[in-house]
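A.B. asks: One structure is given below, represented as structure tokens, and several questions about it will come after.
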Amino acid sequence: MAFFIAPVVYSVWLSFHELRGFQITPQFVGFANYIEAVQSAEFIPSLYRSFIWTGGTLLFQVLLGVVSALALNESFKGRSVARVIVLFPYVVASVVTAATWRWMYDDLFGVINYVLQTFRITETPVRWLDSSHAMLSLILVGVWQHYPFVTLYVLARLQSIREDLYEAVKVDGANVFQRFRSITLPEIREVLLIVILLRTIFMFGKFDVIWIVTGGGPGTVTQTWPILIYLEGFEKLNFALGSTMSVLVVLLLLALAIPYIRSLKL
Amino acid sequence: MPDLNTRSLVLFVTVLFFAAFSSFPVIWVILSSIKPYTEIYAYPITVFPSMPTLENYVKLFTETYFSRFLMNTLIVSFLTTLATAVVTTMGGYSLARFRYGGQKAIIVFSLVIYMVSPVALIVPMYWVIRNLGMLNTYHGLLLPFVAFAVPICLWLMKVFFETVPIELEEAAMVDGCTRFEAFRKVVLPQAVPGIIANSMFALIFALNEFLLPLIITETDTMFTVPIGIASWMGTYIYWEYVLPASVILMAVALAVFLFIQKWLIRGLGAGAIKG
């Protein structure tokens, strides 16, 4: 009996997720909400920003993640300690991560500016969180926080690659790069594709870090889609519109994700 | 072909780079948190505290509701972990062992929930909790927390149970145990590492969660630590509270993380990834 309780309870939990916004609005307005959402001045730009944010963080997460995994795959003294250190950012609360980087990015009290100025790389404090830099600064935070996710998965996969594959190719005289291309890359390809999918999904909907570091600003410079929905729903109290936008984005994501998953032939 | 020494050097530099990159912000926050108030706001800033002090930590507990935040966070996290562990252990086991229709659907559906991003779900969730009158309560937090934690944990437990050989249970049942007894006596003891790892995962999630409590809590006596930290970061930021609070939260997460990190890499390599 216990075995049937678990899925049932689970379904009950799941059903909480199935409410659609426009079932709650008192008036039935049909597609008016959808039209309004698409035409609203901020919806499309926020999607655009989300794509930039997602693309930017993803690129470096994967790069750093793969390189660090390769490095941590080698045996050396203190490897376990190094692994813990490298992976730690992922378990730090988003709020703390955001607060920390906000603290480091500060014009006056931030350590980043301090270092830059002490080493005379820049003369005046750099305003990391102003309109021109905010998105880049945010991307760095996102990368810092999540690259260990990539590291973890890739490393796990690397650990299970058979040594003799490398031996065989070494006998044939392959150098480091050739070994990487012909053995390592194909072996981790599957993991990478899954990781990329997961990270894209998670990054696209990331709210907390962006909210705390910039709040979507200055102005709307870093207002990605989740920020917009939050503002619509909870500050303007326009729940219906917020839900509508959510539905739209979900459909968009599904439209993108399903072909991708199919092509992975899992 | 680069010789051994060049290779070691490259490796060393690389590892050093990543270790430094990952740890620098953490170290910086810790350093900043033990500076006296005047030094935190000194310009130009100092790197090392001239007189390391715990005064910020003391002020955190005496001047703010932090102890309340901490208590809330611990209570909710603990209960979430407990509930999630129970549900996902049983659910994961049944998913791994039984074939029933809709099994694939459950798995796909749970992944889709994650795809949909918490922000999209937050609006309907708010209305549900509100209509149930559970806003700003512990159970109001518990429900969504568990709802969000279960999908991933279920997946983890299912994969884990798939690596537990079925022969042991079959042997036990041949000896006359019922299914449930077999589960309890044979499988569970074996599953302890997986259950612990899974629970820690849920615990970290509950500790760090921000968006859910942001929506559900309304009065500051119900805030969790993440929300509390955010509450000190308005137009004016109370760094003297934010910094020590961050360190405390990180310390808790670190403790949990150290506990499970052994299993993480091994566990992921074993069954979770096909290939």
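A.B. asks: Can you go through B:Phe161, B:Phe183 and tell me which one is over 29 Å from B:Tyr126 (Cβ atoms), of a type in the set (Phe, Trp, Tyr), more than 19 Å from the chain's Cα centre (by Cα) and more than 9 Å from chain A (Cβ to nearest Cβ)?
C.D. replies: B:Phe161
A.B. asks: Restricting to the range A:145-176, give me the number of residues that are within 28 Å of the chain's Cα centre (by Cα) and not in a loop (DSSP other than H, G, I, E, B).
C.D. replies: Residues that pass the stated criteria total 15.
A.B. asks: Just to be sure before I move on: is B:Leu121 at pLDDT below 80 and in contact with a Phe, Trp or Tyr (Cβ under 9 Å, 6 or more places away or on another chain) in the structure I sent?
C.D. replies: Taking the combined requirement at face value, the residue satisfies it.
A.B. asks: Another question, if that's okay. Just give me the residues in the range A:75-109 being outside any helix (DSSP H, G or I) and either more than 8 Å from every other protein chain (Cβ to nearest Cβ) or not small (Gly, Ala, Ser) (or both), in sequence order.
C.D. replies: A:Ser75, A:Phe76, A:Lys77, A:Gly78, A:Val92, A:Asp106, A:Asp107, A:Leu108, A:Phe109 - these are the residues of the range A:75-109 that are outside any helix (DSSP H, G or I) and either more than 8 Å from every other protein chain (Cβ to nearest Cβ) or not small (Gly, Ala, Ser) (or both).
A.B. asks: On to the next question. Looking at the range B:193-209, can you tell me whether even one residue there is under 15 Å from B:Phe69 (Cβ atoms) and touching a Phe, Trp or Tyr at 6+ places or on another chain (Cβ under 9 Å)?
C.D. replies: Looking through the range B:193-209, at least one residue is under 15 Å from B:Phe69 (Cβ atoms) and touching a Phe, Trp or Tyr at 6+ places or on another chain (Cβ under 9 Å).
A.B. asks: Can you tell which of B:Ala20, B:Ala42 is in a loop (DSSP other than H, G, I, E, B), more than 7 Å from chain A (Cβ to nearest Cβ) and farther than 14 Å from A:Thr100 by Cα?
C.D. replies: B:Ala42
A.B. asks: So, one more: What pairs can you find where one residue is in the range A:246-262 and facing chain B (nearest Cβ under 10 Å), the other is part of a helix (DSSP H, G or I) and of a type outside the set (A, V, I, L, M), and their Cβ atoms are less than 6 Å apart, with a gap of 6+ or different chains?
C.D. replies: The qualifying pairs are A:Val249/A:Trp225.
A.B. asks: To continue, here is another question. Return yes when A:Ile161 is in contact with an Asp or Glu (Cβ under 6 Å, 6 or more places away or on another chain) and at pLDDT below 85 and no when it is not.
C.D. replies: Answer is yes for this residue.
A.B. asks: Scan the range B:63-83 and tell me whether some residue there is more than 11 Å from every other protein chain (Cβ to nearest Cβ), over 23 Å from B:Tyr138 (Cβ atoms) and at pLDDT 85 or above.
C.D. replies: yes
A.B. asks: Within the range B:26-36, can one find any residue that is within 12 Å of chain A (Cβ to nearest Cβ), of a type in the set (Phe, Trp, Tyr), closer than 24 Å to A:Gln117 by Cα and buried (at least 17 other Cβ atoms within 10 Å of the Cβ)?
C.D. replies: Yes, the range B:26-36 contains at least one residue that is within 12 Å of chain A (Cβ to nearest Cβ), of a type in the set (Phe, Trp, Tyr), closer than 24 Å to A:Gln117 by Cα and buried (at least 17 other Cβ atoms within 10 Å of the Cβ).
A.B. asks: Let me ask something additional. All but one of (1) within 12 Å of chain B (Cβ to nearest Cβ); (2) part of a helix (DSSP H, G or I); (3) within 15 Å of the chain's Cα centre (by Cα) hold for A:Arg179; which doesn't?
C.D. replies: (3)
A.B. asks: Would you say B:Ala171 is within 28 Å of B:Leu60 (Cβ to Cβ) and part of a helix (DSSP H, G or I)?
C.D. replies: So B:Ala171 fails the test.
A.B. asks: Then there is this: Considering each residue of the range B:218-239, count those that are more than 11 Å from every other protein chain (Cβ to nearest Cβ) and crowded, with 22+ Cβ neighbours inside 10 Å, and give that number.
C.D. replies: So the count comes out to 1.
The values are calculated or read from the model by the stated rules, or taken from the named source; none is laboratory data. Note that this is a predicted model, so its numbers are computed, not measured. Please note: Cβ atoms are built from the backbone with ideal geometry, for glycine as well, and neighbour counts cover all protein chains shown.
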